[in-house]
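This report refers to the structure that appears directly beneath it.
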């Protein structure tokens, strides 16, 4: 089992260290294949008393004037966000690697952030407001990636089938003024959590 970012996930599958990966990168090559697992919408997270918690407009430029807590540049979350708001840049306060750090800083009133639906279980707090964003291009796709030339072990195949049967059900409709977050599946965000298989399952 490995809990790493998407590019490292793909590398472990390619090298044979992992049977398959859950990753936010689509890789279709002669050696790897990817199938869509689910899609993921993005949300603003901010303190409950922040002006954006009740603002009627949530355009990129509306967020750009406030201190912004970014996830690292190598995370899929950051890459999707940067692409969606380009050429606009957020007013970066800090870059962090962990969603728990984002949560703590938002709750403390130090800044705002944008995170995907599948990570919202981190933000279940009455002091944190969550608002869906319907910006064009800001939809993340999560894939199951495996090698084309290698069959899965019995354990890995069982897990693969179970994941397909229990795909996350994410509310993708933009919601204005949502005050509290909803639980998301523990897959996605800057980090993905994996489950043991025969070798290692990169997530």
Checklist entry - Would you pick out the residues in segment 16-33 that are under 8 Å from residue 147 (Cα atoms) and part of a loop (DSSP other than H, G, I, E, B)? => result 31
Item to check | Yes/no for residue 78 being outside any strand (DSSP E or B), without any contact (Cβ under 8 Å) to a residue 24 or more places away in the chain and either under 14 Å from the mean Cα position of the chain (by Cα) or surrounded by 15 or more Cβ atoms within 10 Å (Cβ to Cβ) (or both) | outcome: no
Checklist outcome for this item: Counting only residues in segment 140-168 that are farther than 18 Å from residue 17 by Cβ and touching a helix residue (DSSP H, G or I) at 6+ places or on another chain (Cβ under 8 Å), the one surrounded by the fewest Cβ atoms within 10 Å (Cβ to Cβ) is identified as 168
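Those residues that are in a loop (DSSP other than H, G, I, E, B) and surrounded by 15 or more Cβ atoms within 10 Å (Cβ to Cβ), I need them from segment 46-68; list them, please.
48, 50, 55, 58, 66 - these are the residues of segment 46-68 that are in a loop (DSSP other than H, G, I, E, B) and surrounded by 15 or more Cβ atoms within 10 Å (Cβ to Cβ).
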Item to check | Scope segment 24-46; condition modelled with pLDDT of 90 or more and within 14 Å of the chain's Cα centre (by Cα); matching residues | outcome: 37, 38, 39, 40, 41, 42, 43, 44, 45
Next on the checklist: Within segment 91-108, does at least one residue satisfy the condition of being touching a residue at least 40 places away in the same chain (Cβ under 8 Å), surrounded by 15 or more Cβ atoms within 10 Å (Cβ to Cβ), assigned to a strand (DSSP E or B) and within 18 Å of the chain's Cα centre (by Cα)?
Outcome noted: no
Next on the checklist: Here are the criteria: (1) surrounded by 15 or more Cβ atoms within 10 Å (Cβ to Cβ); (2) part of a loop (DSSP other than H, G, I, E, B). Tell me which single one residue 43 does not satisfy.
Outcome noted: (2)
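Yes/no matrix, rows are residues, columns are (1) in contact with a helix residue (DSSP H, G or I) (Cβ under 9 Å, 6 or more places away or on another chain); (2) touching a residue at least 40 places away in the same chain (Cβ under 8 Å):
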| site | (1), (2) |
| --- | --- |
| 33 | no, yes |
| 40 | yes, yes |
| 45 | yes, yes |
| 57 | no, no |
| 60 | yes, yes |
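The values are calculated or read from the model by the stated rules, or taken from the named source; none is laboratory data. All of these numbers come straight from a predicted model, not from anything done at the bench. As a convention, Cβ positions derive from the backbone with ideal geometry for all residues, glycine included, and neighbour counts pool all protein chains shown.
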